Amino acid sequence: MSAAFRKAAKSRQREHRERSQPGFRKHLGLLEKKKDYKIRANDYRKKQEYLRALRKKALEKNPDEFYYKMTRVKLQDGVHVIPQTKEEVTPEQLKLMRTQDVKYIEMKRVAEAKKIERLKSELHLLDFQGKQQNKHVFFFDTKKEVERFDIATHLRTAPELVDRVFNRPTIETLQKEKVKGVTHQTRLKRIAKERQKQYNCLTQRIERERKLFVIAQKIQTRKDLLGQRFEPVSAALTVLKCALMKKDKTRKVKVKKETVNSPAIYKFQSRRKR
């Protein structure tokens with residue numbers, strides 16, 4: 001009952017307002033209250049403590065101390081400047097990384113990989129120039145055998161077929177059976193030209209697939225550094241993502257710099273996930 005009476009009494013009491021700046025002091029601005037003074041005083045004391053700590057650090061500094069960072073940092077206009085190393089990215093890679101997403105790059109890379117597998121199954125890579133050359137080693141007991149060695153006689157084939165890595169029949173097979181397939185020289189040249197065209201196409205697709213793989217790795221590395229674990233679909237998820245990025249302060253060390261053919265490699269501090 002007493003509490004209700006006090007509330008009723010307060011509703012009828014006079015309203016007390018803060019004192020304003022007197023008229024002859026209007027040119028000084030608003031009248032400072034105690035809460036304003038406390039904010040100004042705390043800020044002043046904080047700056048004084050910071051200056052006192054800097055003076056103490058300067059007095060206790062060892063003139064003979066050395067850090068490796070001193071060799072990279074330069075003093076410009078009284079400010080320490082650390083030169084930033086430029087990332088090695090080609091203009092084509094930079095354009096793709098800025099305009100496309102990692103999912104699109106990965107989709108194109110998988111499509112190129114499937115086309116490469118189909119071309120390899122058709123061509124068999126029998127006389128592919130980019131393929132590593134095979135070696136055929138012959139062993140002999142004496143030097144005389146090495147001097148008298150004839151590869152065509154040893155393989156029992158015609159001298160014109162020695163350089164072939166496939167379809168190299170023996171002399172007995174050539175004597176028993178007739179030559180099958182195309183025998184006209186013009187037709188053979190045309191087939192060889194078409195086969196070489198297919199091999200060139202395969203080489204270009206292999207190179208394109210490798211470049212797409214490097215671009216996808218670089219985009220994924222940048223996303224991992226920014227803490228982008230998922231794609232936000234609303235404003236609430238965007239706020240949550242920013243909060244997680246601020247909270248995630250895992251220490252990382254760059255193990256290998258970024259090059260044109262490989263992304264940068266970072267080593268993150270191992271941390272147990274709860």
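The values are calculated or read from the model by the stated rules, or taken from the named source; none is laboratory data. The structure displayed is predicted, hence computed values, not measured ones. So basically every Cβ, Gly included, is an ideal-geometry build from the backbone, and we count neighbours across all protein chains shown. Quick note on the areas: whole protein, heavy atoms, side chains included, nothing else; ligands and nucleic acids left out. Shrake-Rupley method; radii C 1.70, N 1.55, O 1.52, S 1.80 Å.
Points to keep in mind about this one:
- Karplus (6.51, -1.76, 1.60) ³J(HN,Hα), θ = phi - 60°, over region 88-104, in Hz, Gly and Pro reported as x: 7, 9, 6, x, 5, 5, 5, 5, 5, 5, 7, 9, 10, 9, 5, 5, 5
- Rounded to the nearest 20 debye, dipole of region 12-68 from Cβ charges on Lys, Arg, Asp, Glu: 600
- Compared with the direct C-alpha span, the chain from Gln48 to Arg222 gains 58.6 nm at full extension, assuming 0.36 nm per residue.
- Straight-line reach from Lys267: taking Cα to Cα under 13 Å and skipping same-chain neighbours fewer than 8 places apart, the aspartates and glutamates in range are Asp224.
- Scanning residues 5 or more positions from Tyr266 or on other chains, those with amide H under 5 Å from its amide H are Val255, with H placed 1.01 Å from N in the peptide plane.
- Residue-span extension gain [Asn200 to Ile116] - 0.36 nm each, minus C-alpha spacing: 29.1 nm
- Probing with 1.4 Å while keeping every protein chain in the model, the per residue accessible area of region 1-50 equals 109 Å².
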